[in-house]
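Here is the structure we will look at, set down as C-alpha coordinates.
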Amino acid sequence: MLNYALLLHAAPYSHQAALSALRFADTVVANGHRMKTIFFYHDGVHNASALMAPPQDEVHLADGWKRLHQEHGTELLVCVAAGLRRGLLDVSEASRHGVMSHSLEAPFELTGVGQLVDAMLTSDRMITFAP
Amino acid sequence: MMVEGHPVALDPEGYLVSLDDWSERVAEALAADEGRELTPAHWEIIGVLRDFYQRFEAAPAMRPLVKAVKQALGEEKGNSIYLMRLFPDSPAKVGARLAGLPKPTNCL
Amino acid sequence: MMLHLLNRSPRSTATYQDVSEAFGSDDHLLLIEDACYAAQPSAGAALEPFGGRVSVLQEDLVARGLAKRVDPSVEVVDMNGFLALTETHERCVSWF
Amino acid sequence: MIDVSDSRPVPQDLLVVLRHPPHGTHWLREGLDVALVAAAFGQRVGLLFQGDGIYALLKGQQAGPLGQKGTHPQLAMLEMYDIDTLWVSARGLNERGLSADDLMLPVVPLEASAMVELLQRHPHTLIF
(Lines give C-alpha, C1' and ligand atoms only; values in the text may rest on other atoms or scores of the structure.)
Protein backbone atom coordinates (compact mmCIF):
# COMPACT_ATOMS: atom_id res chain seq x y z
CA MET A 1 0.00 0.00 0.00
CA LEU A 2 1.25 3.45 -0.94
CA ASN A 3 0.24 6.84 0.41
CA TYR A 4 -0.79 9.15 -2.40
CA ALA A 5 -1.03 12.94 -2.41
CA LEU A 6 -2.47 14.92 -5.30
CA LEU A 7 -1.81 18.53 -6.16
CA LEU A 8 -4.62 20.07 -8.19
CA HIS A 9 -4.08 23.39 -9.94
CA ALA A 10 -7.10 23.44 -12.23
CA ALA A 11 -10.50 25.05 -11.70
CA PRO A 12 -13.55 22.80 -12.03
CA TYR A 13 -15.43 22.85 -15.35
CA SER A 14 -12.72 24.89 -17.05
CA HIS A 15 -10.35 22.09 -17.81
CA GLN A 16 -10.38 18.30 -17.73
CA ALA A 17 -7.65 18.22 -15.09
CA ALA A 18 -10.06 18.35 -12.12
CA LEU A 19 -11.94 15.34 -13.53
CA SER A 20 -8.69 13.55 -14.24
CA ALA A 21 -7.61 14.08 -10.65
CA LEU A 22 -10.89 12.75 -9.24
CA ARG A 23 -10.76 9.72 -11.58
CA PHE A 24 -7.20 9.07 -10.49
CA ALA A 25 -8.08 9.40 -6.79
CA ASP A 26 -10.91 6.86 -7.22
CA THR A 27 -8.48 4.50 -8.94
CA VAL A 28 -5.98 4.91 -6.09
CA VAL A 29 -8.49 3.76 -3.47
CA ALA A 30 -9.97 1.05 -5.71
CA ASN A 31 -6.53 -0.52 -5.88
CA GLY A 32 -6.04 -0.62 -2.13
CA HIS A 33 -3.78 2.39 -1.75
CA ARG A 34 -4.39 5.28 0.60
CA MET A 35 -5.60 8.56 -0.89
CA LYS A 36 -4.07 10.65 1.87
CA THR A 37 -4.15 14.28 0.80
CA ILE A 38 -5.50 16.41 -1.99
CA PHE A 39 -4.00 19.88 -2.02
CA PHE A 40 -5.90 22.53 -3.98
CA TYR A 41 -3.69 25.34 -5.25
CA HIS A 42 -3.73 28.00 -7.99
CA ASP A 43 -7.19 27.91 -9.69
CA GLY A 44 -7.74 24.47 -8.15
CA VAL A 45 -9.04 26.22 -5.01
CA HIS A 46 -12.38 26.73 -6.82
CA ASN A 47 -13.03 22.99 -6.46
CA ALA A 48 -13.76 23.69 -2.81
CA SER A 49 -16.57 26.14 -3.47
CA ALA A 50 -19.62 25.41 -1.31
CA LEU A 51 -21.62 27.45 -3.81
CA MET A 52 -20.97 25.15 -6.77
CA ALA A 53 -24.21 24.20 -8.56
CA PRO A 54 -23.55 22.28 -11.78
CA PRO A 55 -26.42 20.85 -13.88
CA GLN A 56 -27.80 17.53 -12.60
CA ASP A 57 -26.45 15.55 -15.55
CA GLU A 58 -22.84 16.54 -14.91
CA VAL A 59 -20.52 15.21 -12.23
CA HIS A 60 -20.60 17.35 -9.09
CA LEU A 61 -16.91 17.86 -8.44
CA ALA A 62 -17.15 19.33 -4.93
CA ASP A 63 -19.33 16.37 -3.91
CA GLY A 64 -16.79 14.05 -5.49
CA TRP A 65 -14.01 15.41 -3.28
CA LYS A 66 -16.26 15.26 -0.22
CA ARG A 67 -17.09 11.63 -0.94
CA LEU A 68 -13.36 10.79 -0.91
CA HIS A 69 -13.10 12.42 2.49
CA GLN A 70 -16.15 10.66 3.89
CA GLU A 71 -15.36 7.19 2.55
CA HIS A 72 -11.58 7.20 2.70
CA GLY A 73 -10.55 9.95 5.11
CA THR A 74 -8.82 11.94 2.40
CA GLU A 75 -7.65 15.35 3.64
CA LEU A 76 -8.96 18.16 1.44
CA LEU A 77 -6.51 21.01 1.89
CA VAL A 78 -7.05 24.37 0.22
CA CYS A 79 -4.23 26.90 0.04
CA VAL A 80 -5.41 29.83 2.11
CA ALA A 81 -3.39 32.46 0.24
CA ALA A 82 -4.62 31.27 -3.17
CA GLY A 83 -8.16 30.82 -1.77
CA LEU A 84 -8.55 34.22 -0.12
CA ARG A 85 -7.49 36.02 -3.29
CA ARG A 86 -10.06 34.09 -5.29
CA GLY A 87 -12.94 34.35 -2.84
CA LEU A 88 -12.72 30.97 -1.11
CA LEU A 89 -13.17 31.70 2.61
CA ASP A 90 -14.51 29.68 5.50
CA VAL A 91 -16.53 31.24 8.33
CA SER A 92 -13.51 32.21 10.39
CA GLU A 93 -11.57 33.73 7.48
CA ALA A 94 -14.67 35.64 6.42
CA SER A 95 -14.96 37.23 9.84
CA ARG A 96 -11.17 37.72 10.04
CA HIS A 97 -11.32 39.69 6.80
CA GLY A 98 -14.60 41.43 7.46
CA VAL A 99 -16.45 40.05 4.42
CA MET A 100 -20.13 39.28 4.54
CA SER A 101 -20.28 35.64 3.53
CA HIS A 102 -18.28 32.46 3.32
CA SER A 103 -17.87 30.02 0.45
CA LEU A 104 -15.93 27.11 1.90
CA GLU A 105 -16.98 24.53 4.45
CA ALA A 106 -15.71 21.35 6.05
CA PRO A 107 -14.45 18.84 5.06
CA PHE A 108 -12.39 21.30 3.00
CA GLU A 109 -9.79 23.00 5.16
CA LEU A 110 -7.93 26.24 4.49
CA THR A 111 -4.26 25.65 5.18
CA GLY A 112 -0.88 27.10 4.34
CA VAL A 113 1.46 26.00 1.59
CA GLY A 114 3.48 24.46 4.39
CA GLN A 115 0.92 21.65 4.37
CA LEU A 116 1.72 21.02 0.71
CA VAL A 117 5.39 20.71 1.57
CA ASP A 118 4.44 18.41 4.43
CA ALA A 119 2.21 16.29 2.18
CA MET A 120 5.08 15.93 -0.26
CA LEU A 121 7.47 14.80 2.48
CA THR A 122 5.06 12.38 4.14
CA SER A 123 3.51 10.71 1.07
CA ASP A 124 4.99 8.00 -1.10
CA ARG A 125 3.72 9.60 -4.28
CA MET A 126 2.78 13.14 -5.25
CA ILE A 127 0.93 13.53 -8.54
CA THR A 128 0.13 16.95 -10.02
CA PHE A 129 -2.90 17.69 -12.19
CA ALA A 130 -2.80 21.07 -13.89
CA PRO A 131 -4.81 22.97 -16.50
CA MET B 1 -8.99 53.97 15.80
CA MET B 2 -8.35 57.73 16.13
CA VAL B 3 -4.79 59.01 15.87
CA GLU B 4 -4.18 62.71 16.39
CA GLY B 5 -7.77 63.46 15.49
CA HIS B 6 -7.73 61.40 12.27
CA PRO B 7 -9.58 58.11 11.85
CA VAL B 8 -7.41 55.12 10.92
CA ALA B 9 -9.31 52.11 9.57
CA LEU B 10 -8.32 48.67 10.89
CA ASP B 11 -9.45 45.26 9.74
CA PRO B 12 -11.03 42.85 12.27
CA GLU B 13 -7.57 41.66 13.30
CA GLY B 14 -6.19 45.11 13.80
CA TYR B 15 -4.09 45.43 10.64
CA LEU B 16 -4.21 48.68 8.69
CA VAL B 17 -6.79 48.65 5.89
CA SER B 18 -4.71 51.16 3.96
CA LEU B 19 -0.94 50.77 4.31
CA ASP B 20 -0.49 54.47 3.45
CA ASP B 21 -2.04 55.36 6.83
CA TRP B 22 1.09 54.24 8.64
CA SER B 23 3.10 56.73 10.66
CA GLU B 24 5.13 56.49 13.83
CA ARG B 25 2.17 57.89 15.78
CA VAL B 26 -0.05 55.19 14.26
CA ALA B 27 2.48 52.51 15.24
CA GLU B 28 2.45 53.81 18.81
CA ALA B 29 -1.34 53.75 18.86
CA LEU B 30 -1.39 50.19 17.47
CA ALA B 31 1.07 49.13 20.14
CA ALA B 32 -0.86 50.87 22.93
CA ASP B 33 -3.96 49.10 21.65
CA GLU B 34 -2.36 45.75 22.51
CA GLY B 35 -0.82 47.01 25.74
CA ARG B 36 2.74 47.49 24.49
CA GLU B 37 5.00 50.47 24.70
CA LEU B 38 7.48 50.88 21.91
CA THR B 39 11.10 51.19 23.05
CA PRO B 40 14.09 52.04 20.86
CA ALA B 41 14.68 48.28 20.57
CA HIS B 42 11.21 47.85 19.05
CA TRP B 43 11.71 50.76 16.66
CA GLU B 44 14.91 49.18 15.34
CA ILE B 45 13.01 46.04 14.38
CA ILE B 46 10.11 48.01 12.94
CA GLY B 47 12.68 49.81 10.79
CA VAL B 48 14.08 46.49 9.57
CA LEU B 49 10.56 45.26 8.76
CA ARG B 50 9.66 48.37 6.81
CA ASP B 51 12.95 48.23 4.94
CA PHE B 52 12.29 44.55 4.13
CA TYR B 53 8.89 45.42 2.70
CA GLN B 54 10.34 48.31 0.68
CA ARG B 55 12.87 45.97 -0.91
CA PHE B 56 10.80 42.83 -1.41
CA GLU B 57 7.12 43.87 -1.34
CA ALA B 58 6.35 41.14 1.18
CA ALA B 59 6.28 40.72 4.94
CA PRO B 60 8.98 38.27 6.03
CA ALA B 61 8.44 34.89 7.67
CA MET B 62 10.36 34.32 10.89
CA ARG B 63 13.46 32.88 9.27
CA PRO B 64 14.15 35.71 6.81
CA LEU B 65 13.20 38.24 9.50
CA VAL B 66 15.95 36.85 11.71
CA LYS B 67 18.35 37.05 8.77
CA ALA B 68 17.34 40.64 7.95
CA VAL B 69 17.77 41.71 11.58
CA LYS B 70 21.14 40.00 11.71
CA GLN B 71 22.26 41.83 8.57
CA ALA B 72 21.03 45.20 9.81
CA LEU B 73 21.71 45.06 13.55
CA GLY B 74 24.19 42.26 14.07
CA GLU B 75 24.35 38.78 15.57
CA GLU B 76 23.18 39.61 19.09
CA LYS B 77 19.81 40.87 17.85
CA GLY B 78 19.50 38.64 14.82
CA ASN B 79 18.09 35.63 16.64
CA SER B 80 14.62 34.38 17.40
CA ILE B 81 15.02 34.57 21.20
CA TYR B 82 15.68 38.29 21.07
CA LEU B 83 12.77 38.87 18.68
CA MET B 84 10.39 36.71 20.71
CA ARG B 85 11.23 38.75 23.80
CA LEU B 86 10.41 42.01 22.02
CA PHE B 87 7.30 40.76 20.23
CA PRO B 88 5.91 37.84 22.22
CA ASP B 89 3.69 35.26 20.48
CA SER B 90 4.70 35.82 16.88
CA PRO B 91 7.35 38.41 15.97
CA ALA B 92 6.59 38.10 12.25
CA LYS B 93 2.86 38.76 12.71
CA VAL B 94 2.96 41.29 15.54
CA GLY B 95 5.88 43.07 13.90
CA ALA B 96 4.09 43.24 10.55
CA ARG B 97 1.06 44.82 12.20
CA LEU B 98 3.03 47.48 14.05
CA ALA B 99 5.24 48.21 11.04
CA GLY B 100 2.20 48.73 8.81
CA LEU B 101 2.88 45.77 6.52
CA PRO B 102 0.20 43.61 4.91
CA LYS B 103 -1.15 40.82 7.03
CA PRO B 104 1.08 37.77 6.51
CA THR B 105 -0.86 35.43 4.22
CA ASN B 106 -0.99 32.51 6.65
CA CYS B 107 1.20 30.47 4.37
CA LEU B 108 3.67 29.93 7.15
CA MET C 1 13.38 6.49 -13.15
CA MET C 2 10.71 9.07 -13.46
CA LEU C 3 7.20 9.24 -14.84
CA HIS C 4 6.39 12.35 -16.84
CA LEU C 5 2.72 13.28 -17.22
CA LEU C 6 1.89 15.47 -20.18
CA ASN C 7 -1.52 16.92 -21.05
CA ARG C 8 -0.90 19.34 -23.92
CA SER C 9 -1.63 18.89 -27.60
CA PRO C 10 1.49 18.35 -29.73
CA ARG C 11 0.94 21.86 -31.11
CA SER C 12 2.32 23.12 -27.77
CA THR C 13 5.84 22.52 -29.02
CA ALA C 14 7.49 24.53 -26.23
CA THR C 15 6.05 22.20 -23.60
CA TYR C 16 7.21 19.11 -25.52
CA GLN C 17 10.65 20.67 -25.79
CA ASP C 18 10.80 21.32 -22.03
CA VAL C 19 9.83 17.70 -21.29
CA SER C 20 12.43 16.37 -23.70
CA GLU C 21 15.13 18.48 -22.00
CA ALA C 22 14.34 16.80 -18.69
CA PHE C 23 13.62 13.27 -19.96
CA GLY C 24 16.12 10.65 -18.76
CA SER C 25 17.01 7.39 -20.48
CA ASP C 26 15.02 5.31 -17.94
CA ASP C 27 12.06 7.66 -17.84
CA HIS C 28 8.55 7.09 -19.12
CA LEU C 29 6.05 9.49 -20.65
CA LEU C 30 2.28 9.21 -20.18
CA LEU C 31 0.03 11.23 -22.47
CA ILE C 32 -3.30 12.29 -20.97
CA GLU C 33 -6.05 14.74 -21.88
CA ASP C 34 -5.14 16.77 -24.99
CA ALA C 35 -1.73 15.10 -25.23
CA CYS C 36 -3.61 12.09 -26.69
CA TYR C 37 -3.41 13.83 -30.06
CA ALA C 38 0.35 13.25 -29.97
CA ALA C 39 -0.21 9.48 -30.07
CA GLN C 40 -1.35 9.58 -33.71
CA PRO C 41 1.14 8.49 -36.35
CA SER C 42 0.69 11.88 -38.02
CA ALA C 43 2.09 13.63 -34.91
CA GLY C 44 5.30 11.61 -35.39
CA ALA C 45 8.06 14.06 -34.59
CA ALA C 46 6.51 15.22 -31.33
CA LEU C 47 7.33 11.93 -29.62
CA GLU C 48 10.73 11.33 -31.23
CA PRO C 49 12.77 12.46 -28.20
CA PHE C 50 11.11 9.88 -25.96
CA GLY C 51 12.55 6.76 -27.56
CA GLY C 52 9.37 4.71 -27.62
CA ARG C 53 8.91 4.87 -23.85
CA VAL C 54 5.48 6.43 -24.20
CA SER C 55 1.99 5.42 -23.05
CA VAL C 56 -1.36 7.05 -23.64
CA LEU C 57 -4.47 6.96 -21.45
CA GLN C 58 -7.16 4.88 -23.10
CA GLU C 59 -10.25 6.65 -21.81
CA ASP C 60 -9.00 10.06 -22.94
CA LEU C 61 -8.12 8.54 -26.30
CA VAL C 62 -11.54 6.96 -26.76
CA ALA C 63 -13.36 10.13 -25.74
CA ARG C 64 -11.51 11.99 -28.48
CA GLY C 65 -12.29 9.46 -31.20
CA LEU C 66 -8.66 8.41 -31.44
CA ALA C 67 -8.95 4.75 -30.39
CA LYS C 68 -8.04 3.47 -33.84
CA ARG C 69 -5.51 6.18 -34.61
CA VAL C 70 -2.70 5.23 -32.24
CA ASP C 71 0.83 4.83 -33.47
CA PRO C 72 1.95 1.22 -32.79
CA SER C 73 4.96 2.45 -30.84
CA VAL C 74 2.69 3.98 -28.18
CA GLU C 75 1.32 1.70 -25.47
CA VAL C 76 -2.33 2.20 -24.54
CA VAL C 77 -3.08 1.97 -20.78
CA ASP C 78 -6.32 2.23 -18.83
CA MET C 79 -6.68 4.03 -15.48
CA ASN C 80 -5.31 1.00 -13.64
CA GLY C 81 -2.36 1.10 -16.01
CA PHE C 82 -1.88 4.79 -15.20
CA LEU C 83 -1.87 3.94 -11.50
CA ALA C 84 0.53 1.05 -12.11
CA LEU C 85 2.96 3.46 -13.78
CA THR C 86 2.90 5.64 -10.66
CA GLU C 87 3.54 2.54 -8.55
CA THR C 88 6.60 1.50 -10.51
CA HIS C 89 8.00 5.02 -10.86
CA GLU C 90 8.86 6.54 -7.53
CA ARG C 91 8.58 10.10 -8.76
CA CYS C 92 6.13 11.72 -11.11
CA VAL C 93 6.26 15.21 -12.60
CA SER C 94 3.59 16.96 -14.65
CA TRP C 95 4.08 19.22 -17.64
CA PHE C 96 1.38 21.59 -18.78
CA MET D 1 26.95 27.37 1.37
CA ILE D 2 26.51 24.96 -1.48
CA ASP D 3 29.04 25.17 -4.24
CA VAL D 4 27.14 25.39 -7.49
CA SER D 5 30.16 26.13 -9.64
CA ASP D 6 30.76 22.38 -9.88
CA SER D 7 29.64 21.00 -13.21
CA ARG D 8 27.61 18.31 -11.44
CA PRO D 9 24.60 20.06 -9.90
CA VAL D 10 24.31 19.46 -6.17
CA PRO D 11 20.77 18.32 -5.37
CA GLN D 12 18.64 20.11 -2.78
CA ASP D 13 15.67 18.67 -0.88
CA LEU D 14 13.20 20.17 -3.32
CA LEU D 15 13.55 21.30 -6.91
CA VAL D 16 11.03 23.86 -8.15
CA VAL D 17 10.92 24.20 -11.94
CA LEU D 18 9.59 27.53 -13.21
CA ARG D 19 8.42 27.48 -16.84
CA HIS D 20 6.05 30.43 -17.03
CA PRO D 21 6.94 34.07 -17.65
CA PRO D 22 6.03 36.82 -15.16
CA HIS D 23 2.92 39.04 -15.29
CA GLY D 24 0.81 37.10 -17.82
CA THR D 25 -0.26 34.42 -15.37
CA HIS D 26 0.03 33.75 -11.65
CA TRP D 27 2.08 30.54 -12.14
CA LEU D 28 5.43 32.10 -11.43
CA ARG D 29 4.25 33.88 -8.26
CA GLU D 30 2.63 30.80 -6.84
CA GLY D 31 5.58 28.59 -7.78
CA LEU D 32 7.95 30.97 -6.02
CA ASP D 33 5.61 31.02 -3.00
CA VAL D 34 5.98 27.26 -2.68
CA ALA D 35 9.76 27.60 -2.89
CA LEU D 36 9.80 30.33 -0.23
CA VAL D 37 7.50 28.48 2.15
CA ALA D 38 9.47 25.25 1.78
CA ALA D 39 12.64 27.19 2.56
CA ALA D 40 10.98 28.87 5.56
CA PHE D 41 10.24 25.33 6.78
CA GLY D 42 13.91 24.48 6.61
CA GLN D 43 13.97 22.60 3.30
CA ARG D 44 16.90 23.22 0.97
CA VAL D 45 15.36 24.47 -2.26
CA GLY D 46 16.83 24.74 -5.73
CA LEU D 47 15.18 26.55 -8.63
CA LEU D 48 15.37 25.65 -12.30
CA PHE D 49 14.24 28.23 -14.85
CA GLN D 50 13.17 26.66 -18.11
CA GLY D 51 11.47 27.89 -21.27
CA ASP D 52 9.72 31.24 -20.86
CA GLY D 53 10.30 30.96 -17.10
CA ILE D 54 13.74 32.35 -17.88
CA TYR D 55 12.10 35.73 -18.51
CA ALA D 56 11.41 35.85 -14.75
CA LEU D 57 15.09 36.72 -14.36
CA LEU D 58 15.27 39.51 -16.93
CA LYS D 59 16.62 42.80 -15.57
CA GLY D 60 14.55 45.98 -15.57
CA GLN D 61 11.12 44.58 -14.70
CA GLN D 62 8.50 46.73 -13.04
CA ALA D 63 5.03 46.54 -11.58
CA GLY D 64 2.29 46.07 -14.15
CA PRO D 65 -0.81 48.20 -14.81
CA LEU D 66 -3.02 48.91 -11.79
CA GLY D 67 -0.02 48.17 -9.62
CA GLN D 68 0.11 44.48 -10.50
CA LYS D 69 2.97 43.16 -8.42
CA GLY D 70 5.95 41.87 -10.31
CA THR D 71 7.87 38.77 -9.32
CA HIS D 72 11.26 40.49 -9.34
CA PRO D 73 11.02 41.54 -5.65
CA GLN D 74 10.18 37.91 -4.82
CA LEU D 75 13.29 36.81 -6.70
CA ALA D 76 15.40 39.40 -4.93
CA MET D 77 14.04 38.01 -1.65
CA LEU D 78 15.20 34.43 -2.36
CA GLU D 79 18.53 35.21 -0.75
CA MET D 80 16.78 36.08 2.52
CA TYR D 81 15.27 32.59 2.51
CA ASP D 82 18.70 31.06 1.80
CA ILE D 83 17.69 29.97 -1.69
CA ASP D 84 20.85 30.61 -3.64
CA THR D 85 20.87 27.72 -6.07
CA LEU D 86 19.47 28.93 -9.37
CA TRP D 87 19.82 26.84 -12.48
CA VAL D 88 18.75 27.87 -15.95
CA SER D 89 18.40 25.93 -19.18
CA ALA D 90 21.35 26.91 -21.39
CA ARG D 91 19.35 26.16 -24.51
CA GLY D 92 16.41 28.22 -23.28
CA LEU D 93 18.75 31.13 -22.61
CA ASN D 94 20.32 30.94 -26.08
CA GLU D 95 16.99 30.57 -27.85
CA ARG D 96 15.85 33.80 -26.23
CA GLY D 97 19.00 35.66 -27.21
CA LEU D 98 19.90 36.19 -23.56
CA SER D 99 23.12 35.83 -21.64
CA ALA D 100 23.86 35.77 -17.92
CA ASP D 101 24.50 39.55 -18.09
CA ASP D 102 20.85 40.16 -18.95
CA LEU D 103 19.67 38.47 -15.75
CA MET D 104 19.09 40.02 -12.33
CA LEU D 105 20.64 37.18 -10.33
CA PRO D 106 23.65 34.91 -10.79
CA VAL D 107 22.60 31.60 -12.34
CA VAL D 108 24.21 28.36 -13.42
CA PRO D 109 23.36 27.50 -17.05
CA LEU D 110 22.84 23.78 -17.60
CA GLU D 111 23.11 21.72 -20.77
CA ALA D 112 20.34 19.17 -21.42
CA SER D 113 22.29 16.24 -19.95
CA ALA D 114 22.87 18.15 -16.70
CA MET D 115 19.16 19.03 -16.54
CA VAL D 116 18.21 15.38 -16.80
CA GLU D 117 20.61 14.62 -13.99
CA LEU D 118 19.19 17.47 -11.94
CA LEU D 119 15.70 15.97 -12.05
CA GLN D 120 16.97 12.46 -11.43
CA ARG D 121 18.91 13.45 -8.34
CA HIS D 122 16.28 15.51 -6.55
CA PRO D 123 14.02 13.59 -4.17
CA HIS D 124 11.13 15.99 -4.83
CA THR D 125 10.30 18.10 -7.86
CA LEU D 126 7.40 20.45 -8.50
CA ILE D 127 6.84 22.07 -11.87
CA PHE D 128 5.09 25.40 -12.28
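The values are calculated or read from the model by the stated rules, or taken from the named source; none is laboratory data. This structure is a prediction, so every number in the text was calculated from the model and none was measured. Note that each Cβ is placed from the backbone with ideal geometry, even for glycine, and that neighbours are counted across all protein chains shown. For accessibility, only protein heavy atoms count, side chains too; no ligands or nucleic acids. Shrake-Rupley method; radii C 1.70, N 1.55, O 1.52, S 1.80 Å.
Here are the numbers for this structure:
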read-out: Condition check for D:GLY60: free of Cβ contacts under 8 Å to residues at least 40 places away in the same chain and either out of contact with any Gly (no Cβ under 7 Å at 6 or more places or on another chain) or more than 11 Å from every other protein chain (Cβ to nearest Cβ) (or both); value: yes
read-out: Residue satisfying condition, being at pLDDT 95 or above and more than 11 Å from every other protein chain (Cβ to nearest Cβ), within set C:GLN17, C:GLN58; value: C:GLN58
read-out: Some residue of the stretch B:47-57 being farther than 22 Å from D:ALA38 by Cα, open to solvent by 70 Å² or more (accessible area, probe 1.4 Å) and part of a loop (DSSP other than H, G, I, E, B); value: no
read-out: Members of the stretch C:68-84 that are under 22 Å from C:SER42 (Cβ atoms) and either open to solvent by less than 60 Å² (accessible area, probe 1.4 Å) or among the hydroxyl-bearing types (Ser, Thr, Tyr) (or both); value: C:VAL70, C:ASP71, C:SER73, C:VAL74, C:VAL77
read-out: Which numbered condition D:TRP27 fails, given (1) more than 19 Å from D:ALA114 (Cβ to Cβ); (2) more than 8 Å from every other protein chain (Cβ to nearest Cβ); value: (2)
read-out: Any hit, the stretch C:65-83, residues being assigned to a helix (DSSP H, G or I), of a type outside the set (S, T, N, Q), without any contact (Cβ under 8 Å) to a residue 40 or more places away in the chain and touching a Leu at 6+ places or on another chain (Cβ under 6 Å); value: no
read-out: Qualifying residue in the stretch C:9-19 (condition: open to solvent by less than 20 Å² (accessible area, probe 1.4 Å), of a type outside the set (S, T, N, Q) and in contact with a Leu (Cβ under 7 Å, 6 or more places away or on another chain)); value: yes
read-out: Residue within the stretch A:113-129 that is away from chain C (no Cβ under 14 Å), aliphatic (A, V, I, L, M) and in a loop (DSSP other than H, G, I, E, B) present; value: no
read-out: Output for the stretch D:87-128, where each listed residue is closer than 26 Å to A:PHE39 by Cα and either open to solvent by 10 Å² or more (accessible area, probe 1.4 Å) or β-branched (Val, Ile, Thr) (or both); value: D:GLN120, D:ARG121, D:PRO123, D:HIS124, D:THR125, D:ILE127
read-out: Leading residue by the ranking (nearest to C:TRP95 (Cα to Cα)) among those in the stretch C:48-64 that are assigned to a helix (DSSP H, G or I) and in contact with a helix residue (DSSP H, G or I) (Cβ under 6 Å, 6 or more places away or on another chain); value: C:PRO49
read-out: Neighbours by Cβ (under 8 Å, 6+ apart or cross-chain): first from the stretch A:30-43, at the interface with chain D (Cβ under 10 Å from one of its Cβ atoms); second aliphatic (A, V, I, L, M) and open to solvent by 10 Å² or more (accessible area, probe 1.4 Å); value: A:ASP43/A:ALA11
read-out: Residue within the stretch A:53-62 that is within 12 Å of another protein chain (Cβ to nearest Cβ) and touching a residue at least 24 places away in the same chain (Cβ under 8 Å) present; value: no
read-out: Filter pass, A:TYR4 being touching a residue at least 60 places away in the same chain (Cβ under 8 Å) and within 14 Å of chain B (Cβ to nearest Cβ); value: no
read-out: Residue tally, condition of a type outside the set (Ser, Thr, Tyr), more than 9 Å from chain B (Cβ to nearest Cβ) and either surrounded by fewer than 21 Cβ atoms within 10 Å (Cβ to Cβ) or assigned to a strand (DSSP E or B) (or both), over the stretch D:68-86; value: 3
read-out: Test for D:HIS23: is it open to solvent by less than 60 Å² (accessible area, probe 1.4 Å) and either over 19 Å from B:PHE56 (Cα atoms) or in contact (Cβ under 8 Å) with a residue 24 or more places away in the chain (or both); value: no
read-out: Candidates A:HIS46, A:HIS69, filtered to the one that is assigned to a helix (DSSP H, G or I), closer than 16 Å to A:ALA10 by Cα and open to solvent by 50 Å² or more (accessible area, probe 1.4 Å); value: A:HIS46
